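Asker: Dropping the structure in here first, questions after.
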Amino acid sequence: MSACREIALLRELDHPNVIALQGVFLSHCDRKVYLLMDFSEHDLWHIIKFHRASKANKKSMSNIPPLTVKSLLYQILDGIHYLHTNWILHRDLKPANILVMGEGPERGRVKIADMGFARLFNAPLKPLADLDPVVVTFWYRAPELLLGARHYTKAIDIWAIGCIFAELLTSEPIFHCRQEDIKTSNPHLIMTSHPRRIFQVMGFPMEKDWEDIRKMPEFPTFQSDFRKQNYTGCSLVKYLDKHKIAKESKAFSL
């Protein structure tokens, strides 16, 4: 079903920053469907991994250049704007699903790929069915999903893009935590470890900044597990300073 959904969506999409479907092949011997896509030499996961290794080895070119980050982020936003304009949520944005073209006429072009979890959405939003799995890879999952939100909105994709942006700047996942495999982790650990990491970077959420937080199904559990005073000294500014990201960096000017 995932492949059928992906085929149906990709056949309707046409944007330079969204992967193009070139063909569909059926194998009768093993009863599998094969999708032929644009060939991409790189993805952001491998690019970030290379720069992280360079930083560990203290090589001169450790971080991705700011103008390169700016170009990559702009193209990701352009592609996701196209999807959202056409009422499509990607729902699994992460560096491994952001392809970057290599040698050739499209060198440096970003292609958003892996539409297997993509869904059409409506206005007004329909609640998730009880059997609809919570997707979005763990480190890129928005806090409202951790708090039991029953709707996917465009904000889910935008949060993931923000996480990717931070990773491009520092070469490290901004909300890295040990329990990355939701299928094998204790649900309570998932509910505590990932929010804790978010608060350590962003600070504790205030109701004036997030008015709907009290409406979240898991808010009572959230209140019992976390204490605001434990995160009073945490902020994104301090995180950027720790990683020596200049506030006037050209990467911030889109």
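Asker: A 30 angstrom limit on the alpha carbon distance is what I want to check against. Which of Lys55/Lys208; Lys70/Lys228; Lys228/Lys250; Lys94/Lys215; Lys70/Lys215 exceed it?
Answerer: Details: Lys55/Lys208 38 Å; Lys70/Lys228 34 Å; Lys228/Lys250 34 Å; Lys94/Lys215 28 Å; Lys70/Lys215 36 Å.
Beyond 30 Å: Lys55/Lys208; Lys70/Lys228; Lys228/Lys250; Lys70/Lys215.
Asker: If R0 is 41 Å, what FRET efficiency do you get for Ser235 and Leu36 from their C-beta distance, rounded to 0.05?
Answerer: Working from the Cβ atoms, E equals 0.30.
Asker: A further question follows. What distance in nm separates the two pseudo spin-label positions at Phe50 and Gln22, each 7 Å out from Cα along the beta-carbon direction?
Answerer: In this crude spin-label approximation the distance works out to 2.1 nm.
Asker: Can you tell me, using C-alpha contacts under 8 Å and at least 6 residues apart, the relative contact order of region 41-252 as a whole percent? Walk me through the numbers on the way to the answer.
Answerer: Details: 262 pairs, mean separation 45.4, N = 212.
The normalised contact order for region 41-252 reaches 21 percent.
Asker: Another question about this same structure. Please list, by residue number, every one of the trypsin sites (Lys or Arg not before Pro) in region 190-245 that is coil in DSSP and has at most 11 other beta-carbon atoms within 10 Å.
Answerer: In loop regions of region 190-245 (DSSP not H, G, I, E or B), the sparsely surrounded trypsin sites (Lys or Arg not before Pro) are Lys208, Arg227, Lys244.
Asker: What does the C-alpha gyration tensor say about the overall shape of the chain? Classify as rounded when a/c is under 1.5, otherwise prolate if a/b is larger than b/c, or oblate.
Answerer: It comes out oblate by the Cα gyration axes.
Asker: I've got another one for you. Run lengths n ≥ 4 of DSSP H only: what is the helix-derived mean residue ellipticity at 222 nm for the chain, with -39500 (n - 2.57) per run over all residues, to the nearest 500?
Answerer: -11500 deg cm²/dmol
Asker: Would you mind counting up the charge near His243? Only other residues with Cβ under 13 Å from its Cβ, with Lys and Arg at +1 and Asp and Glu at -1. Numbers along the way, then the final one.
Answerer: Working: positive: Arg52, Lys55, Lys238, Lys242, Lys244, Lys247; negative: Glu167, Glu172, Asp241.
Result for the neighbourhood of His243: +3.
Asker: Counting GluC sites (Glu not before Pro) as exposed when in a DSSP loop with at most 16 other beta carbons within 10 Å, what is the longest stretch of the chain free of them?
Answerer: Counting at most 16 other Cβ atoms within 10 Å as exposed, the longest clean stretch of the chain is 107-179.
Asker: Give me the net charge for the shell around Trp159: Cβ to Cβ below 12 angstrom, other residues only, Lys and Arg +1, Asp and Glu -1.
Answerer: +2
Asker: How high is the FRET efficiency between Asp14 and Ile158 when r is their beta carbon distance and R₀ equals 25 Å, given to the nearest 0.05?
Answerer: 0.65
Asker: Roughly what would the spin-label model give for Arg107 and Ser249, points 7 Å off Cα along C-beta, in nm?
Answerer: 2.5 nm
Asker: Based on the Cβ-Cβ distance from Leu77 to Phe219, what FRET efficiency comes out when R0 is 25 Å, to the nearest 0.05?
Answerer: 0.25
Every number in this text was worked out from the coordinates using simple rules, so none of it is lab data. Worth saying up front: this structure is predicted, and the values here are computed from it rather than measured. Note that we place each Cβ from the backbone using ideal geometry, even for glycine, and neighbour counts take in every protein chain shown.
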